[in-house]
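Peer 1: Here's a structure for you.
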Amino acid sequence: MDGKAVKAILGKNIKFLRTHKGLTQAVLAEKAEISIIFLSSIERGTKYPKVDTLARIAQVLEVEVFELFKGNLVQSDSKELISHLSKDITNKLNSALEDIFKQYIG
């Protein structure tokens, strides 16, 4: 695996974990003490952070540094994420239907 592939995996994983935790780039960048522009570059796979920066990013994302480099992280968590999203959508839909029934039926 070449350096470009490592950067791409790292960027995808950071973005996946960030969005999975509901964090914006601005929030992660602030907590990791880096600029949004630099974080964006990392997520796009065009820049590579220093080790101490990686450690801060991992700490904010509540993972070990090595987990940021897992090649199958996004794929392995996809089933869990889909299940979570499905439950969330179902709950919101049920709540909305309940509100409609209450409004029209009393």
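Peer 1: So which residues in region 8-44 are aromatic (Phe, Trp, Tyr) and farther than 18 Å from Lys70 by Cα?
Peer 2: So the first thing to find is which residues in region 8-44 are aromatic (Phe, Trp, Tyr), and the list is 16, 38.
Passing the criteria: only Phe38.
Peer 1: Based on what the data block shows, is Ile42 of a type in the set (Val, Ile, Thr), surrounded by 12 or more Cβ atoms within 10 Å (Cβ to Cβ) and modelled with pLDDT of 95 or more?
Peer 2: yes
Peer 1: Moving on to the next point. Working carefully through the options Leu81, Leu68, Leu28, find the one that is part of a helix (DSSP H, G or I) and modelled with pLDDT of 95 or more.
Peer 2: After applying the criteria, what remains is Leu28.
Peer 1: So which residues in region 44-65 are over 19 Å from Asp2 (Cβ atoms), assigned to a helix (DSSP H, G or I) and of a type in the set (D, E, K, R)?
Peer 2: Matches in region 44-65: Asp52, Arg56.
Peer 1: Still on this structure, please answer the following. Being under 16 Å from the mean Cα position of the chain (by Cα), over 24 Å from Asp88 (Cα atoms), free of Cβ contacts under 8 Å to residues at least 40 places away in the same chain and surrounded by fewer than 19 Cβ atoms within 10 Å (Cβ to Cβ) narrows it down to one of Ala5, Ala26, Ala32, so name that one.
Peer 2: On inspection, the qualifying residue turns out to be Ala26.
The values are calculated or read from the model by the stated rules, or taken from the named source; none is laboratory data. Note that the coordinates shown come from a computational prediction; the quantities given were computed from them, not determined experimentally. As a convention, Cβ positions derive from the backbone with ideal geometry for all residues, glycine included, and neighbour counts pool all protein chains shown.
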